[in-house]
Amino acid sequence: MSPINTTTEETKQLRDLYPEIEPYKTGMLKVSDIHILYYEEVGNPSGKPVVFVHGGPGGGTDPRDRRFFDPEAYRIILYHQRGAGDSTPHACLEENTTWDLVEDLEKLRKHVNIDKWVVFGGSWGSTLSLAYAETHPERVKALILRGIFCCRRKELLWFYQEGASMIFPDAWDKYLEPIPVGERGDLMSAYHRRLTGNNEEEKLKAATAWSVWEMATSRLYVDPSYIAHATDDAKFAVAFARIETHYFVNGAFMNEDEQLLKNADKIKDIPGVIVQGRYDVVCPARSAWDLHKVWPKGELHFVDDAGHSTKEPGIVHQLVNATDKFRDL
């Protein structure tokens, strides 16, 4: 059950993403009286089905996300979760829980006429992928997970209250700015109040600060383009911050704190790959290790010179290797 450690220096030839590609189909799927989800299909319409589960919650997808998969081998489904990206209504919190999203995946699977698929998710996408696989294991051929996030209280406190603050004190001070000193004992709740309030100026300021904090800490080396995405795209920042705080103050709507790990026996027969940046500050490696211990079929790869981002070379290398591994499954 030992993990596999990889570094850029040790890998003679790093894999890169597949070439840029456009969808051959896009659509909108009504999943409730309120929510309509955007989805797209890419690659080979007759290929092996795989679904890309994005992070956040509230993050949406990027055209780059289509490129982790061999387009000749895979029928690639990407979609935006409730309130995110091009799904409507934008940033809506009503009828927006983990279990709504789990059932949305089932509705999407049936809508596109797929029996079983490979499920690929990182960060919050790993949380939702695990929740889905543990609820509908018979529909999952394999799991490819990156930057494991079990949404446990200690993980949330590490990143949003105290822990990561010790590593990125400069970025942390900016994260604190919108919140008065008297409310800093519970930063997630303080942000949630502002992001669900009626003061639009305060809401945007909080959304930007929350999103910048995550973008500033996502790579081993700070990437200014990540930070610009949070500061320049108000639509993204508001959905990202509103939906994240909604989920996090509610413990991701889990029945108990360790739920995903305690229910890992439900995925014991599903093969998988876990890709984890050794220096991931957003979703520390402890969670990947804890998952690997209770899911032996989840082959764990630590990338020793990477953080949280899918743009880091070692992470890309391992994820593309993983998708190639399961393309003939």
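Looking at the P(r) of the range 191-312, how many percent of alpha-carbon pairs lie beyond 16 Å?
68
Ranking request for peptides 254-260, 35-41, 197-203: highest mean number of other beta-carbon atoms within 10 Å first, then the rest in descending order.
35-41, 254-260, 197-203
Under unit Cβ charges (Lys, Arg +1; Asp, Glu -1), what dipole magnitude, rounded to 20 debye, does the chain have relative to its Cα centre?
About 660 debye.
Could you work out what % of the accessible surface of the chain is carbon and sulfur, using a 1.4 angstrom probe and leaving DNA, RNA and ligands out of the count?
Looking at the chain in its full context, I get 50 percent from C and S.
Put +1 on the Cβ of every Lys and Arg and -1 on every Asp and Glu Cβ in the range 95-172; which of Val140, Leu105, Gly125 then has its Cα farthest towards the positive end of the dipole?
Sorting the options by dipole projection puts first Val140.
Grab the DSSP H runs of the chain that are 4 residues or longer, score each as -39,500 (n - 2.57), total them, divide by all residues and round the 222 nm result to the nearest 500 deg cm²/dmol.
That calculation yields -11000 deg cm²/dmol at 222 nm.
Average the reciprocal distances over every distinct pair of alpha-carbons in the range 154-251, invert the result, and give the Kirkwood radius in Å.
Evaluated on the range 154-251, it is 13.4 Å.
By accessible area of protein heavy atoms, probe 1.4 Å, what ranking do Tyr191, Tyr18 get, highest first?
Tyr18, Tyr191
Convex hull over the Cα atoms of the chain, averaged projected area in nm²?
So the mean shadow area of the Cα hull is 15.7 nm².
In percent, what relative contact order does the range 1-129 have, based on Cα pairs under 8 Å that are 6 or more apart in sequence?
Computed value for the range 1-129: 27 percent relative contact order.
At 7 Å along the Cα-to-beta-carbon direction for both Val181 and Arg153, put a label point, then send me their distance in nm to one decimal.
2.8
Average the reciprocal distances over every distinct pair of alpha-carbons in the range 87-233, invert the result, and give the Kirkwood radius in Å.
Radius from the Kirkwood sum: 17.4 Å.
Determine the sum of side-chain charges near Lys205: Lys and Arg each +1, Asp and Glu each -1, restricted to other residues whose C-beta is under 12 angstrom from that of Lys205.
Neighbourhood net charge equals -1.
Sort 108-118, 123-133, 230-240 for me by packing, meaning the mean count of neighbouring Cβ atoms within 10 Å per residue, highest on top.
Per-residue mean Cβ counts within 10 Å order the peptides as 123-133, 230-240, 108-118.
The values are calculated or read from the model by the stated rules, or taken from the named source; none is laboratory data. These numbers come from a predicted model, not from an experiment. Because the Cβ atoms are built from the backbone with ideal geometry, glycine has one as well, and the counts that use them run over all protein chains shown. Just the protein is used for accessible areas: all its heavy atoms, side chains included, with ligands, DNA and RNA removed. Shrake-Rupley method; radii C 1.70, N 1.55, O 1.52, S 1.80 Å.
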